[in-house]
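The values are calculated or read from the model by the stated rules, or taken from the named source; none is laboratory data. This is a predicted model, so every value here is computed, not measured. Cβ: placed from backbone, ideal geometry, glycine included. Neighbour counts: every protein chain shown. Each accessible area value is taken on the protein alone, full model and side chains, heavy atoms only, with ligands, DNA and RNA left out. Shrake-Rupley method; radii C 1.70, N 1.55, O 1.52, S 1.80 Å.
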Amino acid sequence: MKQFSLTLFSFNVMLSFKIHSPETEITLPLWEKKHIKVTLKRDDLIHPFISGNKWRKLKYNLQEALQLQKNHIVTFGGAWSNHLLATACAGATFRFKTTAFVRGDEQANTPVLTMCQLFGMQLIYVDRDSYRDKEQLYRMYFDQDPTTFYIHEGGYGLLGAKGCAELVDELQQDYQHIFTACGTGTTLAGIANAIDKKDLFTQVHGVPVLKNGGFINDEVAQLYPHLPPPILHLEYHFGGYAKTTPDLLAFTQHFIASTGIMIEPTYTGKLLYAVDDLIRKDYFTPADQLLVVHTGGLTGLLGMYQRFVFN
Ligand SMILES: *Cc1c(COP(=O)(O)O)cnc(C)c1O
């Protein structure tokens, strides 16, 4: 009985987490010249640590964990993972224990992992080979543990996508195009599914931040086999995950200084670079309205600040 009321209490705490993610119109001289309206969906404002799409992806996972009376979240990520930081903070907020398998060795300590530990997350460092078989790792440590709840790396899965779909319900106007950056494709899948369900004419675009990003279509199809595949723009990975070029860094700086909105090179920098490049190449029709999702993740800058050059 005691446990039951605790569950209910936590459940209420969760429902009281109201999010704030306005639509902000932004402009750059080139975009104005081309008559393209760009609006940012400010998921970066949802929370400083449970950032952007990470809250959306966690929401139904945490509700499911509560319903199953699990109080210990186990998940996976790299040393700069926005997903780990979000899980650690959400765990502390909603009274879950959290454990993460971290790819790499013990030396790979980063400010992000320190923040995860400050939120009370336990870290288990595993080498790259062991990291590949996540279910095996989970079984090795938590087999028969009735308290643990498994969340995929990056929050991938249907519960995550269901949370991301809610972004579409919040929109104040119609758009011809919606753009999001893709790591696992969960956010893209959730948005595409919501657009499909509502029968909107909006075209859904993904910008994979990894090399050979075509796999994102397989990930989306695995979640929602019936969906028409979203449009992927595969040329904006800049060499691979967390890789940058002087061009990308210069654009990122220019964007931040011209709009007052902070972005970072790993996800939102590549995304907005792609949008800017497509506008430049007249990919859109004049007067098109674009919605670009600012998925947050600004702590990624902590690993990149030395790459910027100012003159
Ligand atoms: C995790 C993350 C993504 C990737 O989202 P997916 O749903 O995995 O495709 C995009 N942007 C930011 C800032 C992220 O932290």
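Once the convex hull of the C-alpha atoms of region 184-228 is built, how many Å³ does it hold per residue, rounded to a whole number? Could you put the intermediate results ahead of the total?
Numbers: hull volume 2.9 nm³, N = 45.
Per-residue hull volume (Cα only) is 64 Å³.
Rg/Rh for region 94-181 to two decimals, with Rh computed the Kirkwood way over all alpha-carbon pairs. If you can, show how the numbers build up before the last one.
Working: Rg = 17.1 Å, Rh = 15.9 Å.
That ratio is 1.07, to two decimals.
Over the residues of region 38-159, compute the C-alpha Rg and express it relative to 2.2 N^0.38 Å. Mind showing how you got there, number by number?
Working: Rg = 14.0 Å, N = 122, 2.2 N^0.38 = 13.7 Å.
Output field value: 1.03.
Give me the aspartates and glutamates in straight-line cross-link reach of Lys34: C-alpha distance below 13 Å, same-chain residues under 8 apart excluded.
Leaving aside aspartates and glutamates fewer than 8 places away in the same chain, those within reach of Lys34 are Asp276, Asp277, Asp282, Asp288.
Once you keep just the Cα pairs under 8 angstrom separated by 6 or more residues, what percentage relative contact order results for the chain? Walk me through the intermediate numbers first.
Values: 562 pairs, mean separation 67.3, N = 311.
That works out to 22 percent.
Given the -39500 (n - 2.57) contribution per DSSP H run of 4+ residues, what per-residue ellipticity at 222 nm results for the chain, rounded to the nearest 500 deg cm²/dmol?
Numbers: 12 runs with 129 residues, N = 311.
Calculated at 222 nm, the ellipticity per residue is -12500 deg cm²/dmol.
If you put +1 on each Lys and Arg Cβ and -1 on each Asp and Glu Cβ, how big is the dipole of region 162-311 around its Cα centre, in Debye rounded to 20?
Details: 9 positive and 15 negative charges, 87 e Å.
Magnitude of the dipole: close to 420 debye.
With a ≥ b ≥ c taken as the square roots of the eigenvalues of the C-alpha gyration tensor of region 138-242, please select rounded if a/c is under 1.5 and otherwise prolate if a/b is larger than b/c or oblate if it is not? Mind showing how you got there, number by number?
Details: a/c = 2.37, a/b = 1.42, b/c = 1.68.
It is oblate, given that a/c is not under 1.5 and a/b is not larger than b/c.
Note the full-extension length gain between Phe310 and His226 as 0.36 nm times their separation in residues minus their Cα-Cα distance, in nm to one decimal.
Numbers: separation 84, 0.36 × 84 = 30.24 nm, distance 4.80 nm.
Fully extending the segment from Phe310 to His226 adds 25.4 nm.
For region 183-311, report the accessible area per residue in Å² (1.4 Å probe, heavy atoms, rounded to an integer).
Details: 5820 Å² over 129 residues.
Normalised by residue count, the accessible surface of region 183-311 is 45 Å².
How about region 15-69: which trypsin sites (Lys or Arg not before Pro) there lie in a loop by DSSP and see at most 13 other Cβ atoms within 10 Å? All intermediate terms of the calculation are to be shown ahead of the outcome.
Details: sites: Lys18, Lys33, Lys34, Lys37, Lys41, Arg42, Lys54, Arg56, Lys57, Lys59; in loops: Lys18, Lys34, Arg42.
Answer in residue order: Lys18.
So which lysines can Lys70 reach, going by Cα to Cα under 28 Å and dropping same-chain residues fewer than 8 places off?
Lys2, Lys18, Lys54, Lys57, Lys59, Lys97, Lys134, Lys162
Classify region 272-311 as rounded, prolate or oblate from the Cα gyration tensor: take a ≥ b ≥ c as the square roots of its eigenvalues, call it rounded if a/c is under 1.5, otherwise prolate when a/b beats b/c and oblate if not.
On the way: a/c = 4.44, a/b = 1.92, b/c = 2.32.
Verdict is oblate for region 272-311.
Roughly to the nearest percent, how much of the accessible area of region 104-223 is carbon and sulfur, given a 1.4 Å probe? Write out the running numbers ahead of the final one.
On the way: 2710 of 5900 Å².
Its accessible area is 46 percent carbon and sulfur atoms.
For Gln173 paired with His35, estimate the spin-label separation in nm (one decimal), with each label point 7 Å from Cα along the Cα-to-Cβ line.
1.6
With label points built 7 Å along Cα→Cβ from the Cα atoms of Arg128 and Gln69, find their separation and express it in nm.
4.3
Nearest 20 debye, what's the magnitude of the dipole of the chain about its Cα centre given +1 on Lys and Arg Cβ and -1 on Asp and Glu Cβ? Intermediate values should be presented prior to the final figure.
Working: 28 positive and 30 negative charges, 103 e Å.
That gives a dipole near 500 debye.
Starting from the Cα gyration tensor of the chain, multiply each eigenvalue by 5, take the square root, and state the resulting semi-axes largest first in whole Å.
Over the Cα atoms of the chain, the semi-axes work out to 33, 22, 18 Å.
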